[in-house]
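Step one of this worksheet: look at the structure below.
The values are calculated or read from the model by the stated rules, or taken from the named source; none is laboratory data. As the structure is a computational prediction, the values presented were derived from the model and not from experiment. In this analysis, Cβ positions are derived from the backbone assuming ideal geometry, glycine residues included, and neighbour counts consider all displayed protein chains.
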Amino acid sequence: MSTAAITNAPALQILRDVFGYPAFRGAQAEIIDHIEHGGDALVLMPTGGGKSLCFQIPALLRPGCAVVVSPLIALMQDQVDALTQLGVRAACLNSTVDWREAQSIEQKIFAGQLDLVYIAPERLLLDRTLAMLDALSEAGKLALFAIDEAHCVSQWGHDFRPEYLQLSALHERYPNVPRIALTATADQATRSEILTRLGLNEARVFLSSFDRPNIRYTVVEKDNAKKQLLGFLSGRKGQAGIVYCLSRKKVEETAEWLSAQGYPALPYHAGLPVQTRAANQRRFLREEGLVMCATIAFGMGIDKPDVRFVAHLDLPKSIEAYYQETGRAGRDGEPAEAWMAYGMQDVALQHARIAESGAGDQQKVLESQRLTSLLAYCEAPRCRRQVLLDYFGEDRAACHNCDVCQDPPELWDGTLAAQKALSAIFRTGMRFGVSHLTDVLRGKATDKIKQWNHDQLPTFGVGGDLDEHGWKSVFRQLAAAGLVHVDMAEHGALQLTDAARKVLKGEQRVELRRPALRKKLPTRSASVVQSSLSAADEALFQVLRQWRSDTAKEQAVPAYVILHDKTLRELAEVRPVSRGLLATVIGMGSAKIEHYGAELLSIISAESISA
C-alpha cells in the first residue's frame, strides 16, 4: 500500500498530530499498515531513517500496550522521555527500576494507561514477566512486540546478546500478536540469521536504501594517526563526535590527549566501571560539543541526532560494522563526516582476532571475507559510496561526496610491482612483515636483512623505483585484492594466497591506485549547517538553542528530546506568530505546542521586535 493510499488514515493523523511530521518517508506507511493489520515484519532501515515510527504508530493504533524489546538499558529512559514529550504514554522495565515502580508500571499496563513499555530481553524472559504477558494476551491487551536492534541475535556479530536467541519463544507463546524486528544494518548472511533465529520465516522483509547521502566518507593511509586526527578535527571545535579505537588503553589515551588539545573528550569501554560508563554516556547525550572516544562497546541505539562526525583510528572488523558505526553521524540529516585512518597493522590485528575467536572454520572464512570487503572499500579507486552500497546489494551512481570522488586517485598498471612484491614474500619464506619486505625490495642492507641473507635474494633491490610509502601502498592493495594474507600468529607476516599464482605467472593483470598526498578537503563546520540563515535568523536560532538548553537542564533530559536543531532552525526562519502556524513546523506535534508553544511564540515575538 502506498503512502497516497492511506492519506486519510488514522496513521497519518497520528504522524502529524503526535510526531509533527507532514508525510511518511519511504516504506514507513506500508510497514505501519502491515503491522497494524497483524502481520510480522523484518525492517532494515538506515540510522535516522525513521525505524521507531514503524512500531510506535501501530502501537497507538492497535488495542493494548506494545512491548519493545531493547538491549539498551542505559538509553531506555531517554527514549521514554522523548515519547512522553510527545504525549505518548510510555515506560520502561529494566534493572534500574525498583520493585515498587515496576509494580506501578504493570498496574498501568493492565489499566490501559500505557501505550508502550520498553523492556530488556533478560527481563522479558523472567517467569513473572511472561505471566504478566500471558494475562495481557488473554485479555486482548498485547498490541505488538517490537524487537529493536535485531542484529543482536547474530552469534558472530559484535553486538551479540545471548538472550535474543530466546525471543523466538514470543511467536510460539503469542502466535496472534504481530512482531516487528528492526535493525539499521545487516548483510544477507545476518538477515537470514535474524529471520531464522527469531522465527520470522513468514515475515515480510522491508529493505530500505542503505544510503546516507548527508555523510561524507574519507579514508587516509595511517601515518601518525593522532596528528592526522587533529588535522581532521581542525575547525570542528564545539561539534559532537565519536572517535573509535580498537583497544581500551588507546581509548583512554586518546580521550586524555584530545582534551589537552582543546577538544573536550570522554572515554567509553567495557572495562570502565558501570557508573563511569553511564555517566559519560549521559554527558555525551545531554551536553553539546563533547567527543566520545570509545571501543565498539559504545554506540548502538545512540539517538543523539547532532553527532557531526565519526572517526576511526583503527580498522573496524567488517564493512557492516563500519557502516553501522559511521551511521551514528548525522541522524538529523544535516552534513556529517565519516573519517578513517588505517594501515597494515590494523589488518594484521583483525585477522588475529578472527583466528583467535571461538568461531567454527566456516564462520572464520565468512568473517575473513567481510574483512576483505572492508579492505577493498579502503583501497577502492572508485566512489566509496558505490563500494559501500554495492556490499548491501545496491547500485548507485558516483556520489561526489567522498574523498575519492572529490580527489580521484591516479591508476597505474601495477602488475610488475605486484609480481616483485609477491616474489619477495615467497622468497623470504612468508615469515616477514611489510617493513622487512620493503627493505628487501628497496635494497636496504640492514642488520636483519643480512642476518637472514636476504641481501643475496634475486628480489633484493629490484624495487628501487618506489619509495617506502609506495611499497606500503602496494602491499595494502594486494591484501585488499585477496592476493596476500596477513598472519598475526607470525607477527604480521605476509603470506601468499592461492589467487597470487595467476599474478606471478603473468596470467592476471593488476591495476593499482598510486599513493598521493591528498589535497585537504574543505572543512564543513557547524556554520555550514546554518549557512542558509540570515544574520537575524541566526541570532534567533541561537536564542532558541539557549532556551532549549535551559529547558532540557530543568527537566534533566537531553536537549534533542525537547526539540531538534532542524525544528529550531525552521522556527527561526518561518517565525510563526500563532499556534496554528507552529503546527506547520516539522517536529511541532500537538503535545510540543501545548508544552512550549506559548514560550516559543513569546521568544520569537520579542526577537522579531528587537530585530
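Worth a mention:
- Residues (within 23 Å of K304 (Cα to Cα) and part of a loop (DSSP other than H, G, I, E, B)) located in segment 234-252: S234, G235, R236, K237, G238, Q239, C245, L246
- Restricting segment 436-457 to residues that are in a loop (DSSP other than H, G, I, E, B) and not hydroxyl-bearing (S, T, Y), the residue that is surrounded by the fewest Cβ atoms within 10 Å (Cβ to Cβ): N453
- Restricted to helices (runs of 4 or more DSSP H) entirely inside segment 384-435, no element has at least 3 residues that are charged (D, E, K, R) and exposed (fewer than 15 other Cβ atoms within 10 Å of the Cβ).
- Residue in segment 504-523 that is assigned to a helix (DSSP H, G or I), in the same structural domain as A417 (by TED's automatic domain parsing) and modelled with pLDDT of 90 or more present: yes
- One residue from A260, A336, A279 being closer than 24 Å to Q77 by Cβ and at pLDDT 90 or above: A279
- Qualifying residue in segment 142-160 (condition: surrounded by fewer than 19 Cβ atoms within 10 Å (Cβ to Cβ), charged (D, E, K, R) and either within 17 Å of F55 (Cα to Cα) or in the same structural domain as E36 (by TED's automatic domain parsing) (or both)): no
- Test: residue in segment 253-260 that is part of a helix (DSSP H, G or I) and among the aromatic types (F, W, Y): yes
- Residue match in segment 324-342 (condition: part of a helix (DSSP H, G or I), closer than 18 Å to A480 by Cα and out of contact with any Phe, Trp or Tyr (no Cβ under 7 Å at 6 or more places or on another chain)): no
- In the set (1) crowded, with 19+ Cβ neighbours inside 10 Å; (2) at pLDDT 90 or above, F210 fails one condition alone, (2).
- In segment 417-441, the residues that are of a type in the set (D, E) reach residues that are in a helix (DSSP H, G or I) with C-beta atoms within less than 9 angstrom, at least six apart or across chains, in these pairs: D439/K448; D439/I449; D439/H454; D439/E468.
- Scanning segment 36-63 for residues that are within 20 Å of F19 (Cα to Cα), of a type outside the set (A, V, I, L, M, F, W, C), surrounded by 19 or more Cβ atoms within 10 Å (Cβ to Cβ) and more than 24 Å from the chain's Cα centre (by Cα) returns E36, P58, R62.
- Within segment 588-600, tally of residues that are touching a Gly at 6+ places or on another chain (Cβ under 6 Å) and either more than 15 Å from K566 (Cβ to Cβ) or surrounded by fewer than 17 Cβ atoms within 10 Å (Cβ to Cβ) (or both): 1
- Residues of segment 262-277 that are exposed (fewer than 14 other Cβ atoms within 10 Å of the Cβ) and in contact (Cβ under 8 Å) with a residue 24 or more places away in the chain: G262, A270.
- The criterion of being at pLDDT below 85 and surrounded by 15 or more Cβ atoms within 10 Å (Cβ to Cβ) holds for D487.
- Matching residues, segment 280-323, being touching a Pro at 6+ places or on another chain (Cβ under 9 Å) and either hydroxyl-bearing (S, T, Y) or not in a loop (DSSP other than H, G, I, E, B) (or both): N280, R282, L285, R286, V291, M292, C293, A294, R308, Y322, Y323
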